[in-house]
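Shown next, in structure tokens, is the structure this report addresses.
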Amino acid sequence: MKTTFHGKAYKFGDNIDTDVIAPAMTISFGHADKAEQQDVMIHAFESVRPDFYKEVQPGSILIAGRNFGFGSHREQATTVIRDMGFDILIADSVARLYQRNSIAIGFPVLEVPNISDVVSEGDILDVDLEKWVLTNCTTGKTIDIEPLSEMAIRIISAGGIIGYMRQKLEGENVCRV
Amino acid sequence: MGMTIAEKVLARNSGLDIVHPGQYVDAKIDRIIADEEFYRIHAAAVNGGMTDGLPRIWDLDRVHVVIDHFEPPLNETQAVRQQMIRKLIDKYGIKYFKDMSCSVIHQHSVENWALPGELSLGSDSHSCAWGALNCVSSGMGEHELAYAMTFGELWFRVPQTIKIFLKGDFGKWTDPKDLMFYLAKKYSVSLGLYKSLEFCGPGASAMSVSQRLTCSVHAVELGAKFGLFEFDDKTAEFIECRQGAIPEYTPVSPDDDAMYESEIEVDLGTLKPLIACPHNFENIAGLDDVKGTPIHQAQVGSCANGRLEDLRAVWEVLKGHHVHRRTRFLVQPASWNVYKAAMHEGIIDGLLDSGVQVLSPGCHLCLGMQGRLGENENAITSTTRNHNGRLGGKNCKVYIANPKIVAAAAIAGEITEV
């Protein structure tokens, strides 16, 4: 699992829902392929921040308030964050399904209460997932992060739950031999 | 120390005597019900390097697939997706597949498959709906369901449980929607974040299964993982209506000394009709705050409020009136059983004659795939969500309310006090 992140913060408020992140109409005609991913990305966040995908630089950090990603189970709302160039998401709190879906695709999502009070749009952040510390390089502030669960680390380290599943299946085959 | 419903089921399915909130467990899954996302479950495996898709399905007696979101398909791409699904049904040998004339997945599930006391997963976020039947159920993404369908198990974090003790009866103009609005207003939509909600007390016992379903569906709107009711005679009677053999099931009740994270008591008799304003279930207002808002489209339907009791409620208000000329009123029954029952009661005729357009059952309306709004339009709906952009384009405003309030607005052409 990648453990160090350094990048620019893009910040959203509370209750950013999955219809904002990946509008329903963009996900109703895709086949889980590259064309669909591209289509979802173009429309991502458009009701609150049109053309957002054009601004985001690779290696960026997404910061949000309370209950990020609530609403639909749709996985496109999690994969699109990664496709746009974000390496990690940190929010005051994250909706249950969004959190699970992120772990399942191998994308780190952290809940850090009050993160939105200490990070502003455009701040440069350092995140260390070995020491579990976040440093706001712009303000000099440092805050501790609650470590991810062992289960989440195991799955993210396998590249997601499909990678984890392949490891488990390989284990089964070894046992049979 | 005793356990809550969620804790007891997670403990039993993990082979443990006791579990505690916050504990991580690998639990056996009793049932998985997937909609069109079945294709994406297969695709998740393929895109993850398993070129043939899932290596196996752990138990074909416990996996169900429906086509409900794109039924009938609205364009060629949706039609092609259906073709792909039908091929996969054959490839995997799925025994329980509902193709044509399906209903909303959750309504079909409670009318046919979901069982009390089971730990079940669905490929749609409102799968917590089945909790109304005492089924410990929740929505999952396709990657996780690929894993669960292969191994018949999945990891869970044991949630804390909030006890919601209900007493009293709903008034003439209120229903469970207003209870959920009340909770969202008082405690925010983060109330249930990663938690289980247990509805209990005389107010919960007095509710019909249909009303309980509204509460359980909206558990996810309050952030919750599960929205559970205890099993009783009403649940048993509801399940007895199924056709064919009903598998054995074991309902689960909380222990008397179960530990709850918190307890909330609500007197249903004190609730007033409320309304969720754009663009969030938490943005709750009283009718007097928004009265006079012009309504271009009114909608009743979905897993939340598309059942016979909801259609009866609409008809009760609409009888003797006509839909306002400014307003389009769309009603989408949640299932064909609901549709047929409403037809037998003469409700469908009445609605049609009053200017309502009745649609075939499905999820289209709730998702904004049918009846999409134009620019700057306002809608009032009894469906599940009013997120920005979900039902329409730029500057659309969507209000959520119970079916009677929706019907009253459709007659007046604007949100109106009752």
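With respect to (1) farther than 26 Å from A:LYS34 by Cβ; (2) crowded, with 24+ Cβ neighbours inside 10 Å; (3) of a type outside the set (Phe, Trp, Tyr); (4) more than 12 Å from every other protein chain (Cβ to nearest Cβ), the lone exception for B:ILE67 is condition (1). Quick check on segment B:110-124. Is at least one of its residues on the phi > 0 side of the Ramachandran plot and surrounded by 24 or more Cβ atoms within 10 Å (Cβ to Cβ)? For segment B:110-124, residues on the phi > 0 side of the Ramachandran plot and surrounded by 24 or more Cβ atoms within 10 Å (Cβ to Cβ): absent.
Within the set B:ALA27, B:ALA34, the sole residue that is assigned by TED's automatic domain parsing to the domain that holds B:MET100 and under 19 Å from A:THR78 (Cβ atoms) turns out to be B:ALA34. Answer with yes or no whether A:ARG100 is buried (at least 16 other Cβ atoms within 10 Å of the Cβ) and within 12 Å of chain B (Cβ to nearest Cβ). Here the answer is yes, as A:ARG100 does meet what is asked.
When you check A:SER149 against the structure, is it in contact with an Asp or Glu (Cβ under 7 Å, 6 or more places away or on another chain) and either at pLDDT below 95 or at negative phi (or both), yes or no? So A:SER149 fails the test.
Considering the conditions (1) more than 14 Å from every other protein chain (Cβ to nearest Cβ); (2) assigned to a helix (DSSP H, G or I), B:SER120 is excluded by exactly one of them, (2). Close contacts from segment B:228-247, counting a first residue that is assigned by TED's automatic domain parsing to the domain that holds B:ALA114 and a second that is of a type in the set (Lys, Arg) and surrounded by 10 or more Cβ atoms within 10 Å (Cβ to Cβ), with Cβ to Cβ under 6 Å and a gap of 6+ residues or different chains, come to B:PHE229/B:ARG212. Of all residues in segment B:18-40, those that are in a strand (DSSP E or B) and either facing chain A (nearest Cβ under 10 Å) or modelled with pLDDT under 95 (or both) total 3.
Where helices (runs of 4 or more DSSP H) fall wholly inside segment B:319-375, the ranges with 1 or more residues that are of a type in the set (D, E, K, R) and away from chain A (no Cβ under 14 Å) are B:336-344, B:347-353.
Mind checking which residues of segment B:296-318 are farther than 27 Å from B:GLU111 by Cβ and part of a loop (DSSP other than H, G, I, E, B)? Residue satisfying the conditions is B:HIS296 alone. Inspect segment B:135-155 for any residue being of a type outside the set (Phe, Trp, Tyr), away from chain A (no Cβ under 14 Å) and over 30 Å from B:HIS42 (Cβ atoms) and give the result as yes or no. Scanning segment B:135-155 turns up no residue that is of a type outside the set (Phe, Trp, Tyr), away from chain A (no Cβ under 14 Å) and over 30 Å from B:HIS42 (Cβ atoms). Being within 8 Å of another protein chain (Cβ to nearest Cβ) and at pLDDT 95 or above is a condition met by no residue of segment A:113-124.
Does B:LEU352 satisfy being surrounded by fewer than 24 Cβ atoms within 10 Å (Cβ to Cβ), among the aliphatic types (A, V, I, L, M), at pLDDT 95 or above and more than 25 Å from A:GLY71 (Cα to Cα)? Spelling it out, B:LEU352 is indeed surrounded by fewer than 24 Cβ atoms within 10 Å (Cβ to Cβ), among the aliphatic types (A, V, I, L, M), at pLDDT 95 or above and more than 25 Å from A:GLY71 (Cα to Cα).
For segment A:45-59, the tally of residues that are away from chain B (no Cβ under 11 Å) and either within 17 Å of A:ASP87 (Cα to Cα) or of a type in the set (Asp, Glu) (or both) stands at 9.
Scan segment B:94-115 and tell me whether some residue there is within 14 Å of another protein chain (Cβ to nearest Cβ) and either part of a helix (DSSP H, G or I) or within 29 Å of A:HIS31 (Cα to Cα) (or both). Looking through segment B:94-115, at least one residue is within 14 Å of another protein chain (Cβ to nearest Cβ) and either part of a helix (DSSP H, G or I) or within 29 Å of A:HIS31 (Cα to Cα) (or both). Report yes if some residue within segment B:83-93 is farther than 21 Å from B:HIS143 by Cβ and in a strand (DSSP E or B); otherwise report no. No, the conditions are met nowhere in segment B:83-93.
Entry remark, segment A:151-172: residues being more than 23 Å from the chain's Cα centre (by Cα) and at the interface with chain B (Cβ under 10 Å from one of its Cβ atoms) number 3 in total.
Of the listed requirements (1) over 30 Å from B:ASP61 (Cα atoms); (2) out of contact with any helix residue (DSSP H, G or I) (no Cβ under 7 Å at 6 or more places or on another chain); (3) in contact (Cβ under 8 Å) with a residue 60 or more places away in the chain; (4) not acidic (Asp, Glu), B:ALA148 misses just one: (1). Residue count for segment B:345-387 satisfying the condition of being on the phi < 0 side of the Ramachandran plot and over 15 Å from the mean Cα position of the chain (by Cα): 25.
Inspect all residues belonging to segment B:36-44 and state whether any of them is hydroxyl-bearing (Ser, Thr, Tyr) and surrounded by fewer than 18 Cβ atoms within 10 Å (Cβ to Cβ). Checking segment B:36-44: not a single residue is hydroxyl-bearing (Ser, Thr, Tyr) and surrounded by fewer than 18 Cβ atoms within 10 Å (Cβ to Cβ). Counting only residues that are hydrophobic (A, V, I, L, M, F, W, C) and outside any helix (DSSP H, G or I), segment B:1-17 holds 3 of them. Evaluated against (1) touching a residue at least 24 places away in the same chain (Cβ under 8 Å); (2) over 30 Å from B:GLY203 (Cβ atoms), B:LEU352 falls short on exactly one condition, (1).
In the set B:GLY362, B:GLY368, which member is surrounded by 21 or more Cβ atoms within 10 Å (Cβ to Cβ) and farther than 21 Å from B:GLU414 by Cα? When all the criteria are applied, what remains is B:GLY362.
Can you say whether B:LYS163 is in a strand (DSSP E or B) and among the basic types (Lys, Arg), as far as the supplied structure shows? Judged against the criteria, B:LYS163 is a match. Residues in segment A:62-94 that are within 10 Å of chain B (Cβ to nearest Cβ) and out of contact with any Leu (no Cβ under 7 Å at 6 or more places or on another chain): 12 in all.
The values are calculated or read from the model by the stated rules, or taken from the named source; none is laboratory data. Bear in mind the structure is a predicted one, so any value in this text is a computation, not a measurement. For neighbour counting, all protein chains shown are included, and Cβ atoms are generated from backbone atoms with ideal geometry for every residue, glycine included.
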